Amino acid sequence: MLDESARLIEFNQACSKVLPQLTRSMIGRDIRKAWLEVTGQTMPFTLEAAMNTQDIEIVLSHHTYQVRVTELQHVNHGKGGLLLIFTDITELKELQRQLEQLAFYDELTQIYNRRAFFQQCNQAYSEARESSSAFTVILMDIDHFKTVNDTYGHAIGDQLLVHVVKVCQSVLKKGELFARYGGEEFVLALKGYTLIEGASLS
C-alpha cells in the first residue's frame, strides 16, 4: 500500500516472498526509491494509471508478475493512495511460450514451420512490394530422402533433417527467413534477391 505521495505505508507477508529484500525500515520511503534499492532496477510500471493492469518481469527472481494498480479512497471520498497487487503468472507465461513454440516452430528441427513461414513471408513480401525491392522464395528438398528412411529407418532420417538444417543455418545471414515446409522440404525467403540471384544460391 502507498499513500497519496507514493510512499510505502504497508505490505503483507506474501509481498515479502516476492521481494524478500523489502524490509519494514523502508516504510515511509518513496516506492520508486525503495524499488530501485530492492531490485537494482527502475520501477517497470507506472503509478499514474490507476485501475490499470500491466505485466512486468522481475528479473532478479526470474518470475513474471501481473501488477494491478488500484486507487484507494478515503472515507470522505478524497484520494487515499494506491494499492499494488502482484499476481504470479510465471506458469501461465511459460505455457503461452510452449504453445507458441508448438504453433510456429517445427518440433524436430526447431526452425519455423510452414504456418509461421507464411505469416512472416507475407509481411516481408508486402514490405518488399512497398519499397519496390526484389524478393525471392526458394523451395528445396533432400534428394532420395525416402531411400534413407527405408534403408536406415526414420530415426536416421530425422538426424539427417536436423543435420541439413544446421548446415543451412551455418551459411544463412542473420534475419533470413528459413523454415521446414513439410517432410524433407524446406523453404527460404530472400529479401533483396532477384530470381536469378536466388537461383545462383540454390
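For the chain, the share of accessible area belonging to carbon and sulfur comes to 53 percent (1.4 Å probe, ligands and nucleic acids excluded).
With every protein chain kept in the model, how would you rank D88, D3 by accessible area, 1.4 Å probe, largest at the top?
On the way: D88 80, D3 25 Å².
Order by accessible area, largest first: D88, D3.
Suppose a student asked you for the relative contact order of the chain, using Cα pairs under 8 Å spaced at least 6 residues apart; what percent would you report?
On the way: 261 pairs, mean separation 31.2, N = 202.
It comes to 15 percent, rounded to a whole number.
Solvent exposure of Y65, expressed as accessible area, is near 10 Å², computed with a probe of 1.4 Å over the protein chains only.
Any chance you could run the full-extension gain for S132 through L36? It's 0.36 nm times the residue separation minus the Cα-Cα distance, nm to one decimal.
Gain on extension, S132 to L36, equals 29.7 nm.
Ranked by the mean number of other Cβ atoms within 10 Å of their residues, highest first, the peptides 111-122, 36-47 come out as 111-122, 36-47. The percentage of C-alpha pairs in the stretch 113-202 whose separation is greater than 18 Å is 49%.
Normalising the average separation of contacting C-alpha pairs (under 8 angstrom, six or more residues apart) by the number of residues puts the relative contact order of the stretch 115-202 at 45 percent.
Binning all Cα-Cα separations of the chain at 5 Å, short to long from zero, yields these whole-percent fractions: 1, 6, 11, 12, 11, 8, 7, 7, 8, 8, 8, 6, 4, 2, 1, 0, 0. Quick one: grab the alpha carbon gyration tensor of the stretch 141-192, order the square roots of its eigenvalues as a ≥ b ≥ c, and give me rounded if a/c is under 1.5, else prolate or oblate depending on whether a/b is larger than b/c. Here the stretch 141-192 falls in the prolate category.
The values are calculated or read from the model by the stated rules, or taken from the named source; none is laboratory data. Note that the structure is a prediction, hence the values are computed from the model and not measured. Here the Cβ is made from the backbone with ideal geometry for all residues, glycine too, and neighbour counts use every protein chain on show. Side chains are part of the model used for accessible areas, which takes the heavy atoms of the whole protein and leaves out ligands, DNA and RNA. Shrake-Rupley method; radii C 1.70, N 1.55, O 1.52, S 1.80 Å.
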